[in-house]
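Written out below as structure tokens is the structure these notes cover.
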Amino acid sequence: MPVFNVSFLNPNLKAKKGAGVGILADQLAILENSLAKDGYLSPGDYDILIKKARDIQMSGSLSADQRSNYDVKISEYEKSKSVSNMNKTDDIARMNKMIKGEAAEDVMVVGNNPREFLKGRIASLQSKLGDLNDTIQRKTAAGDDTIDYYNEYNATLQEYSNKSEALDAINSFDQKNPIQGYVAYVSTNKNGEIVDVDYAKYGEKSGYAETNGMIDGFQVYGKVNYKEDGKNYFKLGDKTFTAADGLIQDPANPGAFKPTKLMADVQDPSGRGEFTRAQAGYVNLPGNSIPIQSYIPRNSWAKGINGTLYKRGEDGKYTKYLNATEDNLQIDGPVLNIPEVFEQSLMKNVGETVDYSSPITPNQGSEAPVPLPDNPPIPSAPIKMNYGLDNPFSAPDQKTSRSQILRTPKQPSEQAPTGPLQTAKRTIQSGIESVKNLFK
């Protein structure tokens, strides 16, 4: 509700500088308590408080002393923000949680693309190394203990080196044999969609079964999906890998055992499908042919950040609907709102796009389109340019006077025709008459 100053109705009533200051201070306190209700004020929270305090300070209702008090308040917020930033950087557990979250994001977006996945991991590790370096420098200058940060830095640097070497190794893939020294550790669901993946050094992880499959050159070590009839089964994309349920010695980990190597199944060569057999050699699966698990169930709907609607079908593919609403599509079930990063990942699995926008008609936006003539007039003689005194591009050897060029007979009572077609006719006729005059 608007508030009006009616003090002019009573000359004895004068507004006091600083009136309502307590209310403004209460508003700031309420905002601070609201932001800190989770027991923590983030650097972004302090930005909001600083802005609010500056708005109050510049409102014009404060005295000089009161504005000075808010200067102090803003300074305190800025100091607390700086401390919060340092604590955020110093917390190794928080760094590792962030790294883990970014790794999960990379799986969702580019888990089936080794090159892009490794680039993402390298970028995250670079950022972590930078934060650790800053923390070590600051704590060393303050005389604080830095041993935990040094250990974390060395471990992160080793992981960064491994990922960088794995990225370089992609160039050695000969399209036949697996990349030496590095493998893909893959977990999938029953549909063969990647749930988790890491492209790392051979022997770095345990609990995975070796297969004769590859993802763009990285030999696949997969988590067994299920056991049936004395066999282990692992599905990746549309390929199924099987082997007898047994354990063999793990050469990468002396004293440990691993499941029997899983081999890709192929159909009966006769085409009758009477039996399957293990495929010899290595089977390379292009990454873009392997789906990544989506958190959107099959036969359900999702909405992107711009309101774009997606329906996931029984086959796992998506249909994308542009310029459509839930009413247009008569959706009676729930629609899951998804963040941009998820939308980017599922867009690669869109099999069909449907646009619900109205079609554009040929004459849309034009009130009276000008029809083109069916048989435009053809001049009886070739048209030549009128070179002369007013034409800067006069032919050097054309000797004609200004009066000769401009001598175009015209009846005094004749009205100049209008319209694009008539104008074209007039221009052509004028050119013909000018040419004739040149040779009189």
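Summed over region 313-347, the residues that are part of a strand (DSSP E or B) and either more than 23 Å from Ser357 (Cβ to Cβ) or at pLDDT below 85 (or both) give a count of 1. Only one entry of Thr89, Thr135 meets the criterion of being over 26 Å from Glu193 (Cα atoms) and either modelled with pLDDT under 85 or open to solvent by 80 Å² or more (accessible area, probe 1.4 Å) (or both), and that entry is Thr89. Scanning region 32-39 for any residue that is in a helix (DSSP H, G or I) and under 21 Å from Arg94 (Cα atoms) turns up at least one such residue. Residues in region 250-270 that are under 15 Å from Tyr208 (Cα atoms) and surrounded by 11 or more Cβ atoms within 10 Å (Cβ to Cβ): Asp250, Ala252, Asn253, Ala256, Phe257, Lys258, Pro259, Thr260, Lys261, Leu262, Met263. Look at Ala200 and say whether it is among the hydrophobic types (A, V, I, L, M, F, W, C), at pLDDT 95 or above, in contact with a strand residue (DSSP E or B) (Cβ under 6 Å, 6 or more places away or on another chain) and under 17 Å from Phe117 (Cα atoms). No; evaluated as a whole, the condition is false for this residue. For region 308-341, a residue qualifies if it is at positive phi and loosely packed, with under 13 Cβ neighbours inside 10 Å, and exactly one does: Gln330.
In region 155-245, counting only strands (runs of 3 or more DSSP E) that sit wholly within it, none holds 3 or more residues that are surrounded by 15 or more Cβ atoms within 10 Å (Cβ to Cβ) and free of Cβ contacts under 8 Å to residues at least 12 places away in the same chain. As a summary of the residue check, Pro297 satisfies the conditions (1) open to solvent by less than 40 Å² (accessible area, probe 1.4 Å); (2) within 24 Å of Asp196 (Cα to Cα); (3) modelled with pLDDT under 90 except for the one numbered (1). Could you pull out the residue among Asp144, Asp148 that is over 24 Å from Ser294 (Cα atoms), surrounded by fewer than 21 Cβ atoms within 10 Å (Cβ to Cβ) and touching a residue at least 40 places away in the same chain (Cβ under 8 Å)? Matching residue, one of Asp144, Asp148: Asp148.
The values are calculated or read from the model by the stated rules, or taken from the named source; none is laboratory data. Remember, predicted model here, so these are calculated numbers, not experimental data. Because the Cβ atoms are built from the backbone with ideal geometry, glycine has one as well, and the counts that use them run over all protein chains shown. Quick note on the areas: whole protein, heavy atoms, side chains included, nothing else; ligands and nucleic acids left out. Shrake-Rupley method; radii C 1.70, N 1.55, O 1.52, S 1.80 Å.
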